[in-house]
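> Below is a structure I'd like to ask you about.
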Amino acid sequence: AYDMVCYLIKKGHKDIAVFGNPKNLKVDRDKLEGYKKALQENDIRVSDKYYYELERTEDWELAVKGMFEDRHVPSAYFGICDSYAMKFIRIAQAQGYKVPEDIRVVGMDDVESAAYFRPALTTIHVPFRKMGIAAVDNLLQLVTDEETGCIKTIIKHKLVVRESC
């Protein structure tokens, strides 16, 4: 999340919208922290016009539509997952905005449909298969090796630039 938001900032964006449910979902909390850290390290204030902490995941679509109704149009949207980014594009288009001409949109995960969606989604490729294999290997080592108490594995991600940004 941090790397993706830094990418948007380097592209000249300061008004970057994000929506998440950090109280109930740790993954949202972590991604929102990365978002805030990237803004703060680039001397950009986290704006309540574009930063939304939702109580329920079901409120996401209403919150996005509400942002547009309030005429708070970001220059970019950071989707904490690709499905949110793709939904955001459809809502923005229904409001008369073009992606990437009016609003740049990015996601995270690099789900297969992101490459075939129109516009094709700029995203962070997260190597889920490799993460799963590492998790099982680490768990087996923890169970079978009494001298191992903790294992930390870092698996690299990569930015995939496509049409949406």
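> Starting with the highest mean, order 152-161, 20-29 by the number of other Cβ atoms within 10 Å, averaged over the residues of each peptide.
Ranked by mean Cβ neighbours within 10 Å, highest first: 20-29, 152-161.
> For the chain, which whole percent of the accessible surface, found with a 1.4 angstrom probe, sits on carbon and sulfur atoms?
Using a 1.4 Å probe with all protein chains present, the chain comes out at 50 percent carbon and sulfur.
> Take every DSSP beta bridge with both residues inside the stretch 47-165 and express the antiparallel ones as a percent of the total, to the nearest 5.
The antiparallel proportion sits near 40 percent.
> With a probe of 1.4 Å, find how much accessible area the chain has per residue, and write the answer as a whole number in Å².
Dividing the accessible area of the chain by its residue count gives 59 Å².
> If contacts are Cα pairs under 8 angstrom and at least 6 residues apart, what is the relative contact order of the stretch 26-118 in percent?
Dividing the mean separation by the residue count of the stretch 26-118 yields 24 percent.
> What FRET efficiency do you get for K156 and Y97 if R0 is 41 Å and r is their Cβ-Cβ distance, rounded to the nearest 0.05?
About 0.75, to the nearest 0.05.
> So which of K130/K152; K23/K49; K36/K98; K11/K152; K26/K49 end up more than 21 Å apart by C-alpha?
In this structure, K36/K98; K11/K152; K26/K49 exceed 21 Å between Cα atoms.
> In the Gaussian network model of the chain, springs joining C-alpha atoms below 10 Å, which of T57, T123, T148 carries the largest mean-square fluctuation?
Largest GNM mean-square fluctuation: T148.
> For the chain, take the longest principal axis of its alpha carbons; what is the angle in degrees between that and the long axis of helix 128-144, to the nearest 10 within 0 to 90?
Result, in degrees: 30.
> Sticking with the crude label model, points 7 Å out along Cα→Cβ, report the distance from N42 to E112 in nm, one decimal please.
In this crude label model, N42 to E112 measures out at 3.3 nm.
> Does anyone have the angle between helix 26-41 and the longest principal axis of the chain? Alpha-carbon axes, 0 to 90°, nearest 10?
60
> Want the number for Y2 to L142: 0.36 nm per residue separation, take away the alpha-carbon distance, what's left?
Length gained between Y2 and L142: 47.4 nm.
> Quick one: plug the Kirkwood hydrodynamic radius of the chain (C-alpha pairs) into Stokes-Einstein at 37 °C, 0.692 mPa s, and report D in µm²/s.
195
> R29 to A63: extension gain in nm, 0.36 nm per residue of separation minus the Cα-Cα distance?
10.5 nm
The values are calculated or read from the model by the stated rules, or taken from the named source; none is laboratory data. Keep in mind that this is a model prediction, so the values were computed, not measured. Virtual Cβ from ideal backbone geometry, glycine too; neighbours counted across all protein chains shown. With ligands, DNA and RNA removed, areas are computed over all heavy atoms of the protein, side chains included. Shrake-Rupley method; radii C 1.70, N 1.55, O 1.52, S 1.80 Å.
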